[in-house]
Each structure stands twice: as structure tokens, then as C-alpha cells.
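These notes are about the structure you will find just below.
The values are calculated or read from the model by the stated rules, or taken from the named source; none is laboratory data. Note that the coordinates shown come from a computational prediction; the quantities given were computed from them, not determined experimentally. Counting neighbours? That spans all protein chains shown, and the Cβs are built from the backbone with ideal geometry, glycine included.
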Amino acid sequence: MTAARTTVPRENPAHMRKLSSFERQERHAFFHNTTFMTSLVYSEHDLIINVPSTFVLVAAGPELERARLLKYHTLVMIDKGFRMNHPQVFSRVILCDQCNHEFVVDRVDDIGMNSSFSYTPSESATAVIRARVQVEERMLNRCIQEIKRLYQAIEILEKERAELEIRLSRRRSSLSAIRKLPVELWTNIFTEVCQSEENALSVTHRKIIMPPVVLSQVCSRWREIIGNLPQLWTSISVDLFDLRWDVRDLITLFVEKSQMHPLKIQIHYCDPFASHVYPPEVTETGRMALHTLMAHAERCIEFQCELSGEQFSALSSSSLVFSFPQLRTFECHSDMPSSWESDWFFEALSETAPNLEVIKVWTAPDLDVIPYSQLTMLSIDRQPGAERLFELLRSCKSLQSLTIEEFETDSLEEEIMIFAPVVLPILQRLSVGLGPYFPHLTLGPLASTLSLPSLESLEIKSRPHPDDNDEWPPSLLTMLQSASSTLKELSFRNHITLSGDSFPLNGIFESCPNLVRLSFWAVNEDVGSTFIPDLFTILTIPSNAYSPAAIVAPRLTHLEIEFREGRALLEHEAGIILSMAESRTNTHLLSLAVGSESNIAALQNVKIIYDRVYGFGGAQYDRNPFERAHLKGRLDTLKNEGVHLSVLCSLTHPKSPIPSPTGYESPQSPYYSTPTSSDYFD
């Protein structure tokens, strides 16, 4: 607080008068009853008295009035802010309002405080200055000690305050409604959050993403829950190139938090396209991160690397020793290096991975790189050359699933070449994508060479050029017949057309009597094609069917058809679709006395996706026929029978002539656009 100070000047000897005996007694009593050197000026009503003996007193209240009554000629009231040449003041700091504990400071006059170099104190002034120095040093030491004591008290109070805030926060938190959420719900939430990222820990030279660590930093309860979910810490991805951060401790943290759960490890280079401009650098921190990762390779169940042969070679190290005793999946979608370029890795992969079963690669590596004999699943992004593929497949006696996203023959000779049969005795799923040039002709070597006695699912994807006069090979039916007893799912994804004599629709159904699921996808199947009438007419069970042999695909339960590029659905086609579905309901099968047969199943789901065609100016040339009342009523009846028929229509502008009651008419100014909206009819 600010003290208002009132001061009086020293008595001037020239104006002093001799005091009477009464005045001397009163003055003695006044000084005797007044505290010297120990008072603090609090307000404007306080008075500082300066006497010739340099004693200073502060009088207030009744004693101030008494001082006035004494009528000292040296007693002068001075306004606030006025200072004498050499005032001497005492200040009093109240440290405790309860016990009036105070700290007193003697503000002595400024003798000896002249900083001018020309000032030289006299002997008497020197003695006074030394006395003042001793007094002020003692005051300073007292002040420092008092400050230390107060700081210690403040520190104690600060600690108490912090502890009180923590206790108060915890008590309030214990009353929060969010605490009532069960741990199982938190587990589901945290799992969804962590799985939104591909890996629990993802390290690149740009950033580090680690959802489990971020969640564990929210509060102690979340940290406890996350710490008890080791499965959320098991996937680690590190970009080993241009890495400037030492992430060894971070990798070790995730390995420890995962406890003994199997690990998923990924090493890659995140900027493969930039490598042509700025060659990636293997930094020392990158090598240390690789050594830390591979030190835990024995716990790795899935290993993924996206590195070129040159990058594999750059990571080679003689001190890197590891094995894959638990590895089940290896994935590499970059161009696989040769074994001599990266023997440090593939030697361990081929010799120390007894449980390796799944391989997903860009191109199939050589036989000495991968243990093909123990594989159950092989996925290849691009495989050129039939002869090399068949050589690898002959070693895959345990293969159950084979996926080739794009297959091409090396030459025209391979397309007509006869290869020795390749038997895959337990293969259950085959998916083949054919190249853009004469894909159906490319399918010939595969269909004529592969023998698949246990095949259950077959998918054939092709995207032929519209100008190619390509025909489906006869060997396709041969392959289907070899798997006729087991084949249950069949899918054709063709980018041109499935109609016409080139597509052996009848032969396919004859070769696949046990089909359960059937799907077709075509882009350029125009409205003039007969594919839909042909397909659904074949699948319609005749009313005079007397045995399962008279029914095409008697076990068919799911059918999906998808047409794009302006392929509208006509009303008479919708009627044929409904007739087929009605003929395969359980009620109709029972009426034919064949529904009780074990190898006959009622239809369950039909899904049709097509384009609703609009013409110039938004005029609708062909509406969705299932919206018509009489057809929609039949849809509702099918639903009650247990047949779910869903229709997805997208809006597009016509690409081909639009049918009309009198024939085909072209819109006056046709133009094309991508679908703008969709409707779902159930």
C-alpha cells in the first residue's frame, strides 16, 4: 500500500527560543511516550516531526493533537509530496493483519549519496556515512531474510493450491456423466479412431502420425484404457529414406505397448515419383530405425515393403540379422528386385519363414525368392508371360486363392501355344483381369492349361478395345466343366458387351449347375442388345418343370447385373425380370413339387444397376419401369415372398438411340454427361 508522508524541516537554530520548564517537561513526556524509529506513515493525517537532534517521530491521532497543543515552533504541517533537503523517514510494513507483525525500514537522510566526482565528504560526514552504511546493510539483510521467508510461505501455499485444484478436478470428474460409459464402449471408440489410420505408428520425413499416443495424452483414464489394448499398438510404418528424426524410442514404445501381440511392419519410400528428380538418401537415423524394426522381426506376422531394387540395395547391411518365424503375409506392390540385389532380405524370407502363406506382389518373383510351395494365397498386380506364370504355379500345390489383376501373354505365339496342364488341386478362388488387347484371346492359354477341380469362385475381368473383333475362347467352357461340381460363384466384368453369339451364355449355365451367385457387369451394352431378355428367359423356371434337371442353375440365390453408359431398362425387360423372380420363389417351387429337393433353392436377392436416360433439355425419354403401379405391386409381392429385388438408377444423357413405340428415335441434340443423381427402389 502507498503511505502518505507528512514531514517537518529541521529546527533552525537562529529561530529557536528558550523553552520554559513546563514545555521541557511536556516535550520530554511526549518523546518518552512516542515510539521512535519504528513507525509507518499510513495516511495524510500522519505527521513526521524532525528535531535538531535528528530524531524523527511520527505522531498520529491523539498524540498528533497533543503535539499541536505543545505549540512547538518546529512543528510544521507539510503537504503530501514535499521533501526537505535531508529528510529522515521510517516506514512500517504490516505483514500480518491478525497479529500486526510488521517490518520496519529506516529511511535515513541522503548524506553521502552525492554521486558527483567533485564531492568529498568531510571527516564528520564520513563518520556519519559509515554509520549509515552499517545501519542500511543490517536493514538490507533483514529485508532479504524477510523476503525469503515470505517466498517460502508462498511456495507452500502454491503447492497446497495445486494439490487442492487436482483433488477438486478429480472429485468433479468423478461426478461426470461420461464416467458412466463402460470400458467396452471406450474400446470400440478407440478402435475405430486408431483404425481410421492405416497404421498405429506412421513415420515419414514430413510427419509422425500415432493415434494411440494422442488418445493416451487426453487423460489418465484414457491412458489406462489405451494401455490395456495392445492390439491397437501393433502396426508400425516407417519411411526409411530422408529420415532426420531418431524414432528408435518411439518404435520401442509401440513394440512394448503391443505386449506379445503379432506385429505388422511396413518399410517404404513415401515419394516414389520424386525419386526421379531427387534420389532418396538413406540417413543414419533411417538405418538405426531399420535395425530397431528388424530386431523385432520374429514377432512380425505381416510385412509390407514398397521399395525398388535400388532402394533395397541401399538398405543392405552385413550387421542386419533377422528371421521371420511367425510371418504369414508378405506384400510388395513395387517392382520386385532380383534376389542378388537384396539377398539380405529375401534370403531370410525364403529360409526363415516357415509359416508364410500369403504373397501380394506387383510381379511374381523367381522361384528362389519366394517359398511358393507353402503359399495358400497369391495376388499379382501384373503378370506378363503365360509360360513363366505356369512355371511358378506348378510349385503352388497348396494354393487356395489366386488373383491376377492384369494378365498378358508375351507374344502371339503364346496365345496359341499348348502348355502342359497345371493342376491346382485345392484352389478355391480365381480372379483374372485380362489386358486391353484381345483379352478374350489372352484368356485361352489360362483356360486350356489350368485344371481346377476344387474351384468355388471365378471372376473374369476384361476391357477389350471396341474395335477388336475378340471372341470368348472355347476353352473357357472346358475350364468351367472341370470345376462343375464345386463352382458356386461366377462373375463377368466386361467393358464392352456380353450379348451376341460370342458370349456362350447357355454353355456357361450347362457347365455350372451348382451356381449360387452370379453377376454381370458391362459398360457398352446398349438398349438394343438382347442380353437381359436372353439371360432372364433362360433363368425363368417353366411352369411344367418336373425335375431339378429341367431347371437352369437350380441353386441360384443371388443375381447382380450392372450396366453403364446409358443402358436404360425397358418396360418389357422389367416384366421379364419380375417373371423370372416370381418363378423362383419358394411358393412357386413348392407348387411344382420340386421345392423339397435338397439341391434346389429359392431366389433371395436380385440387384440391378442401370442408367436412367435423359435427353436434351432434361426430357425423360425412358423412365424407370419399376415405378409403374402394376410392376411396383409385383415388387411388393416378391418382397413378401422373401425375394429382395433392388434397383439402382443413375441419371445420364443418352448415348444411343432411344426406343419408342414406333421404333428407335434419336434425340434432336444429344449430349452426354456423368450421372447427376441416383434413386434407389426397393
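Among the conditions (1) assigned to a loop (DSSP other than H, G, I, E, B); (2) at pLDDT 90 or above; (3) under 31 Å from the mean Cα position of the chain (by Cα), Phe322 misses just one, which is (2).
At pLDDT 90 or above and either surrounded by fewer than 21 Cβ atoms within 10 Å (Cβ to Cβ) or closer than 21 Å to Glu387 by Cβ (or both), is that true of Leu441?
Values: at pLDDT 90 or above: no; either surrounded by fewer than 21 Cβ atoms within 10 Å (Cβ to Cβ) or closer than 21 Å to Glu387 by Cβ (or both): yes.
Against the criterion (at pLDDT 90 or above and either surrounded by fewer than 21 Cβ atoms within 10 Å (Cβ to Cβ) or closer than 21 Å to Glu387 by Cβ (or both)), Leu441 does not qualify.
Here's the yes/no breakdown for (1) in contact with a helix residue (DSSP H, G or I) (Cβ under 7 Å, 6 or more places away or on another chain); (2) of a type in the set (S, T, N, Q); (3) at pLDDT 85 or above:
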{"residue": "Met288", "(1), (2), (3)": "yes, no, yes"}
{"residue": "Leu293", "(1), (2), (3)": "yes, no, yes"}
{"residue": "His296", "(1), (2), (3)": "yes, no, yes"}
{"residue": "Phe303", "(1), (2), (3)": "no, no, yes"}
{"residue": "Ala314", "(1), (2), (3)": "no, no, no"}
{"residue": "Asp343", "(1), (2), (3)": "no, no, no"}
{"residue": "Asp366", "(1), (2), (3)": "yes, no, no"}
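In the range 530-541, the residues that are closer than 14 Å to Phe563 by Cα reach residues that are charged (D, E, K, R) and not in a helix (DSSP H, G or I) with C-beta atoms within less than 6 angstrom, at least six apart or across chains, in these pairs: Phe531/Glu525. In this structure, Gly433 does not satisfy being at pLDDT below 90, farther than 30 Å from Phe322 by Cα and crowded, with 16+ Cβ neighbours inside 10 Å.
This table checks each residue for (1) part of a helix (DSSP H, G or I); (2) touching a helix residue (DSSP H, G or I) at 6+ places or on another chain (Cβ under 7 Å); (3) farther than 30 Å from Ser237 by Cβ; (4) not basic (Lys, Arg).
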residue	(1), (2), (3), (4)
Arg149	yes, no, yes, no
Ile156	yes, no, yes, yes
Glu163	yes, no, yes, yes
Ile166	yes, no, yes, yes
Ser169	yes, no, yes, yes
Arg172	yes, no, yes, no
Leu185	yes, no, no, yes
Asn188	yes, no, no, yes
Val193	yes, yes, no, yes
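For the range 375-425, the set of residues classified as under 22 Å from Ser454 (Cβ atoms) and either charged (D, E, K, R) or in contact with a Cys (Cβ under 6 Å, 6 or more places away or on another chain) (or both) consists of Leu375, Glu391, Arg394, Lys397, listed by residue number. Is it true that some residue in the range 296-310 is surrounded by fewer than 20 Cβ atoms within 10 Å (Cβ to Cβ) and over 29 Å from the mean Cα position of the chain (by Cα)? Looking through the range 296-310, at least one residue is surrounded by fewer than 20 Cβ atoms within 10 Å (Cβ to Cβ) and over 29 Å from the mean Cα position of the chain (by Cα). The lone criterion from (1) at pLDDT below 90; (2) under 29 Å from Arg555 (Cβ atoms); (3) among the small types (Gly, Ala, Ser); (4) surrounded by fewer than 16 Cβ atoms within 10 Å (Cβ to Cβ) left unmet by Ser454 is number (1).
Do the conditions hold for Phe407, that is, is it at negative phi, surrounded by 18 or more Cβ atoms within 10 Å (Cβ to Cβ) and either assigned by TED's automatic domain parsing to the domain that holds His296 or not aliphatic (A, V, I, L, M) (or both)? So Phe407 fits the description; yes.
Would you check which residues across the range 227-250 are under 18 Å from the mean Cα position of the chain (by Cα) and outside any strand (DSSP E or B) and list them?
Within the range 227-250, the first condition is being under 18 Å from the mean Cα position of the chain (by Cα), and the residues that meet it are 229-239, 250.
Matches in the range 227-250: Leu229, Pro230, Gln231, Leu232, Trp233, Thr234, Leu250.
For the range 491-498, state whether one or more residues are at pLDDT 90 or above, among the small types (Gly, Ala, Ser) and in contact with a Leu (Cβ under 9 Å, 6 or more places away or on another chain). Yes, there is a match, as at least one residue in the range 491-498 is at pLDDT 90 or above, among the small types (Gly, Ala, Ser) and in contact with a Leu (Cβ under 9 Å, 6 or more places away or on another chain).
Among the residues making up the range 341-386, those that are surrounded by fewer than 16 Cβ atoms within 10 Å (Cβ to Cβ) and either in the same structural domain as Cys300 (by TED's automatic domain parsing) or farther than 23 Å from Ser313 by Cα (or both) are Pro354, Asn355, Ser373, Pro384.
For the range 260-280, the candidate set comprises residues that are surrounded by 13 or more Cβ atoms within 10 Å (Cβ to Cβ) and in a loop (DSSP other than H, G, I, E, B); within that set, the residue that is modelled with the lowest pLDDT is Pro272. Contact map, the range 361-388: residues that are touching a residue at least 40 places away in the same chain (Cβ under 8 Å) and over 12 Å from Ser350 (Cβ atoms) paired with residues that are assigned to a loop (DSSP other than H, G, I, E, B) and among the acidic types (Asp, Glu), Cβ distance under 9 Å, separation 6+ or inter-chain. Pairs shown: Ala386/Asp410. No other residue among Ala153, Ala177 is surrounded by 10 or more Cβ atoms within 10 Å (Cβ to Cβ) and over 22 Å from Ser258 (Cα atoms) apart from Ala153.
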